[in-house]
1. Over chain B, how many percent of alpha carbon pairs lie in each 20 Å bin up to the one with the longest distance?
2. In debye, nearest 20, what is the charge dipole magnitude of region B:222-297 about its Cα centre with +1 on Lys and Arg Cβ and -1 on Asp and Glu Cβ, if you could check?
3. Residue by residue through region B:349-362, which ³J(HN,Hα) values in whole Hz follow from phi under the Karplus form 6.51 cos²θ - 1.76 cosθ + 1.60 (θ = phi - 60°), with glycine and proline marked x?
4. State the dimensionless ratio Rg/Rh of region B:299-356 (Rg: radius of gyration of Cα atoms; Rh: Kirkwood radius).
5. Answer rounded, prolate or oblate for region B:221-264, using the Cα gyration tensor with square roots of eigenvalues a ≥ b ≥ c: rounded when a/c is under 1.5, else prolate when a/b is larger than b/c, else oblate.
6. Where both partners of a DSSP beta bridge lie in chain B, what percent of those bridges are antiparallel, to the nearest 5?
7. Return the whole-Å distance between the Cα centroid of region B:72-108 and the Cα centroid of region B:341-368.
8. Between B:Gln357 and B:Val332, how many nm apart are label points set 7 Å from Cα along the C-beta direction?
Amino acid sequence: MKKASKSPKQRDENAKNKKWQTPMDLPHATPSEYPQRHEQANITKKGK
Amino acid sequence: MKALCWHGKNDVRIDTVEDPIIESPTDAIIRVTTTCICGSDLHLLDGFMPTMKAGDILGHECMGVVEEVGSSVTRLKKGDRVVVPFTIACGECYFCNRGLTSCCDRSNPNAEKAAKAMGHSPSGLYGYSHMLGGFSGGQAEYARVINADFNAFRVPDEMSDEQAVFLTDILPTGYMAAENAQIEPGDTVAVWGCGPVGQFAIQSAWMLGAGRVIAIDNVPERLNLAATFGRAETINFDEIHKGDDGSNVHEVLQEMTSGRGPDRCIDAVGTEAAPHGSVDAVIDNLKVITKLGTDRAHALRSAIYSCRKAGTVSVPGVYAGLIDKMPMGAFVNKGLTMKSGQTHVHRYVPLLMEKIQIGEIDPTFIITHRAPLADAPDLYKTFRDKEDGCVKVVLNP
């Protein structure tokens, strides 16, 4: 297993691999559109 | 009436119980129109909170219509729609006079028991153990509101139940968590836990001036909720741990912040952190299972460890008892500040009600499940097991 390095250089190098996700860029939703937005974002998984 | 009652670990049922009555001239009775299952109710389901008794009515997030008022109630009348803060307060003691209503000195009749466990007693709470008053909760058709003039807030006609009901707990709790984090303009705020309180802490962090919000969880749909409605960057710690480079949440947070760490860290997880993924989490789990420990505190340790020097750790997550392996060396030597507490709901209701009215926040985005009260026992388990994309359950008795 490769160890994550804590050196600033290695840290900044690792940062390029971006192990995090950026916010989803979806248009503003009104409350009546929330269920649809939930589905778009895979938030509800009904029927599991 | 029908009510959701606790009968032991993993055992909640709908029972037929006596209707509540006016027990004091300051009481009111409400017909519950909307009530919710809170993440902290799951600590009761899972048997983490002591001093529960079989038959206790659960629920501390409820609103309804006033049916009856005691002879001393002057500010409410039959027919008023009200939300009821989960913390019960007298409105007159040393702490209430300072707006610290969750520290009310006079609302817990079992204060002595609580003081033995905690040094002093917090306020009484609805539906949350006998140590905190033994008050019946609001997952029921009717509920008794204690000291109703102070502990019920009228809801404007144009505000729906679903917009208003979260004022009882989780919206003020998320807001107070962000306020306790002492956010300064442009700060990076990291939030552990993307349940309902975490989601509202994320929203509140933006309202209080955050420049960047990072959400940490392992439930993809909750992270998606944080990424869509909360505009947060997200870290799935299961995905991180699966990697072959030995990385962890701390490493990723440092990568995201050029090694400085998040300025403000919020632990919206509390006592039941995921029991896997790191050595301390596994040890916590073993200790809790064998009753050698009371809390799984990995998220709190992680927040302290990752927070930038001279930063703030805010803890809205509920803890039950004693925690070991606390990184006090890191806490002291990095000069951190920690703030916590049950929410002073009364202080925040007017402010947040206004924010809902002007559209600054619409709390209904977190609702994933709506159901009648009869479905509550099953939905406790759905919510606890994070099945079916469940983030927030709203019940209509």
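1. Per 20 Å bin, starting at 0, the Cα pair percentages come out as 29, 60, 11, 0.
2. The calculated dipole for region B:222-297 is roughly 300 debye.
3. 4, x, 4, 6, 4, 5, 5, 5, 4, 8, x, 5, 9, 10
4. Rg/Rh: 1.10.
5. It is oblate, given that a/c is not under 1.5 and a/b is not larger than b/c.
6. The antiparallel proportion sits near 55 percent.
7. 18
8. Placing both labels 7 Å beyond Cα along the Cβ direction yields 4.9 nm.
Bear in mind these aren't lab numbers, they're just calculated from the coordinates by the rules spelled out. A quick note: this is a predicted structure, and the numbers were derived from the prediction, not measured. Neighbour counts run over all protein chains shown; Cβ positions are idealised from the backbone, glycine included.
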